[in-house]
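**Student:** Dropping a structure here in structure tokens format, bear with me for questions.
The values are calculated or read from the model by the stated rules, or taken from the named source; none is laboratory data. For clarity, every value in this text was computed on a predicted model and none was experimentally measured. Every residue, glycine as well, gets a Cβ built from its backbone with ideal geometry; the counts of neighbours run over all protein chains shown. The accessibility values were calculated without ligands, DNA or RNA, using every heavy atom of the protein model including side chains. Shrake-Rupley method; radii C 1.70, N 1.55, O 1.52, S 1.80 Å.
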Amino acid sequence: MKTYTNLSQALKEREKVQVLDLRAQGLTEIPVGIFQLTNLTELYLYENQIRVIPPEIGQLTNLTILRLAGNQIEVIPPEIGQLTNLTELYLYENQIRVIPVEVGQLTELTVLGLAGNQIEVVPLEVGQLINLTILHLAYNQIEVIPPEISQLTNLTQLNLACAQIEAIPPEIDQLTNLTQLYLEYNQIKIISPILDKLTNLERVNLESNLIESVPSVIGNLKNLYDLNLKNNNLINIPSEINKLFKLQSLNLGHNRLQKFPTQATKLSNLRQLHLDDNQIQFLPVTIKNLIKLEKLWLDGNALRLLPIELSQLTSLTELHLGRNRIYQVPSELGNLKRLVTLNLSRNRLTEI
């Protein structure tokens with residue numbers, strides 16, 4: 001299928017044109033000639049300076065993909081609801097404040113990208129988008145998610161990062177096909193037990209919230225390979241975390257842990273472990289079990305001694321131990337032949 005990048009040429013062959021790509025061409029408006037291309041199925045207008053989507057957009061009823069990200073659009077016209085064949089709609093990084101209720105008519109949508117706008121309210125009509133697999137609403141001003149989100153049972157990715165959400169909507173427990181959940185940079189205090197039902201989750205990001213504890217049901221997320229709980233108020237981690245056998249990346253940095261979470265040393269597939277900026281004083285000898293660990297962050301703790309068992313982590317390429325109270329480094333660390341980065345700055349070493 002030919003992709004047209006010149007509108008003049010496209011208008012000469014208007015019956016043939018199905019894909020028109022006018023990205024990054026300095027456009028300040030959508031050229032009216034586009035609306036003559038009634039066979040158009042894919043329209044790419046992102047990274048321009050477009051301010052207005054005219055109502056004529058509703059004439060392009062064969063559109064399946066519409067990309068208008070990176071413009072200066074403030075309003076989505078109600079005529080968008082006429083594009084009932086749309087499967088992908090991208091409006092990232094504009095200045096949109098309101099999602100019109102007509103979006104609910106786009107029942108063929110599989111991807112809806114509205115991140116980086118000024119949206120405050122998610123209309124309950126979004127629940128009509130039953131074929132949606134990806135919903136991206138990050139970097140907005142959303143405080144509440146309507147319960148109708150529970151109807152999006154085909155959803156695999158839900159991104160609500162950098163909003164103003166205080167609680168995980170309980171209705172999420174019905175989105176059992178979710179594999180990726182992004183809720184970082186919100187004001188969440190409690191991780192709801194709903195996580196017990198989302199057993200298909202592979203990646204969960206809850207960085208920079210107000211979470212004080214992790215429920216034991218976290219152990220049910222057997223498919224999880226990436227868990228980010230950085231910058232919260234955690235004091236400890238439940239022992240059930242040792243059931244996450246597929247986990248490859250665990251970020252517990254910038255919390256209030258006083259002890260190394262020994263239960264994590266049973267995660268034999270772990271490749272990255274962040275424990276920087278906590279209050280950890282000792283490393284357990286069981287750390288030697290993390291044989292696949294490649295990157296270990298322990299900066300900003302209260303470590304004084306390093307166990308020689310650390311030298312058995314022969315897969316390590318990065319070891320960060322800065323800003324501790326270490327006064328001696330065991331010579332056995334010389335066994336870490338793959339090590340590329342070793343950070344020992346701001347300790348109490350007299351020699352290495």
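**Student:** Can you bin the range 297-338 into rounded, prolate or oblate? Criterion: square roots of the alpha carbon gyration tensor eigenvalues sorted a ≥ b ≥ c, rounded for a/c under 1.5, prolate for a/b above b/c, oblate for the rest.
**Tutor:** Since a/c reaches 1.5 but b/c is at least a/b, the shape of the range 297-338 is classed as oblate.
**Student:** Something else: Does the range 100-254 come out rounded, prolate or oblate, given a ≥ b ≥ c as the square roots of the eigenvalues of its C-alpha gyration tensor, rounded meaning a/c under 1.5 and, failing that, prolate meaning a/b above b/c? Write out the running numbers ahead of the final one.
**Tutor:** Values: a/c = 2.19, a/b = 1.57, b/c = 1.40.
It comes out prolate by the Cα gyration axes.
**Student:** What percent do you get for the relative contact order of the range 183-314 when only Cα pairs under 8 Å and 6+ apart count?
**Tutor:** 17 percent
**Student:** Please give the Cα centre distance for the range 170-184 versus the range 212-237, rounded to the nearest Å.
**Tutor:** Between the Cα centre of the range 170-184 and that of the range 212-237, the gap is 15 Å.
**Student:** Report, in listed order, any pair from LYS197/LYS230; LYS189/LYS292; LYS266/LYS295; LYS243/LYS295; LYS243/LYS337; LYS230/LYS288 with a Cα-Cα distance greater than 28 Å.
**Tutor:** Too far apart for the 28 Å limit: LYS189/LYS292; LYS243/LYS337.
**Student:** Return the lysines within reach of LYS2: Cα separation strictly under 27 angstrom, same-chain partners fewer than 8 residues apart disregarded; answer none if there are no such residues.
**Tutor:** LYS12, LYS16
**Student:** Name the shape class, rounded, prolate or oblate, that the alpha-carbon gyration tensor gives for the range 1-50, where a ≥ b ≥ c are the square roots of its eigenvalues, rounded holds for a/c under 1.5, and otherwise prolate holds if a/b is larger than b/c and oblate otherwise.
**Tutor:** prolate
**Student:** Taking the dipole about the Cα centre of the chain, with the C-beta of Lys and Arg at +1 and of Asp and Glu at -1, give me whichever of LEU257, GLY113, GLN128 is farthest to the positive side.
**Tutor:** Of the options given, the answer is LEU257.
**Student:** Another question, if that's okay. How high is the relative contact order of the chain, in percent, counting Cα pairs under 8 Å that sit 6 or more residues apart?
**Tutor:** Details: 1014 pairs, mean separation 22.3, N = 352.
Value for the chain: 6 percent.
**Student:** Another one. Could you work out what % of the accessible surface of the range 31-137 is carbon and sulfur, using a 1.4 angstrom probe and leaving DNA, RNA and ligands out of the count? Write out the running numbers ahead of the final one.
**Tutor:** Values: 2080 of 4150 Å².
Answer for the range 31-137 is 50 percent, counting heavy atoms of protein chains only.
**Student:** Return a whole-number percent for the relative contact order of the range 224-278, with Cα pairs under 8 Å and 6 or more residues apart as the contact set.
**Tutor:** Value for the range 224-278: 41 percent.
**Student:** From the list [x] 23.7; [y] 27.6; [z] 19.4, can you say which value of mean projected area of the Cα convex hull in nm² was derived from the structure given?
**Tutor:** [z]
**Student:** Please calculate how many Å² of accessible area the range 15-70 carries per residue, with a 1.4 Å probe and no DNA, RNA or ligand atoms counted.
**Tutor:** Using a 1.4 Å probe on heavy atoms only, each residue of the range 15-70 averages 45 Å².
**Student:** Now for a different question. For the chain, set up a Gaussian network in which alpha carbons nearer than 10 Å are linked by springs, and say which option among GLN272, GLN281, GLN25 fluctuates the most.
**Tutor:** Comparing GLN272, GLN281, GLN25 in the GNM, the peak value goes to GLN25.
**Student:** Moving to a separate point now. Please give the net charge around ILE308, taking every other residue with its beta carbon less than 10 angstrom from that of ILE308, where Lys and Arg add +1 and Asp and Glu add -1. Please report the intermediate quantities before stating the final value.
**Tutor:** Working: positive: LYS288; negative: GLU309, GLU332.
The answer is -1.
**Student:** On to the next question. For the range 71-133 and the range 248-280, write down the distance between their C-alpha centroids in whole Å.
**Tutor:** 39 Å
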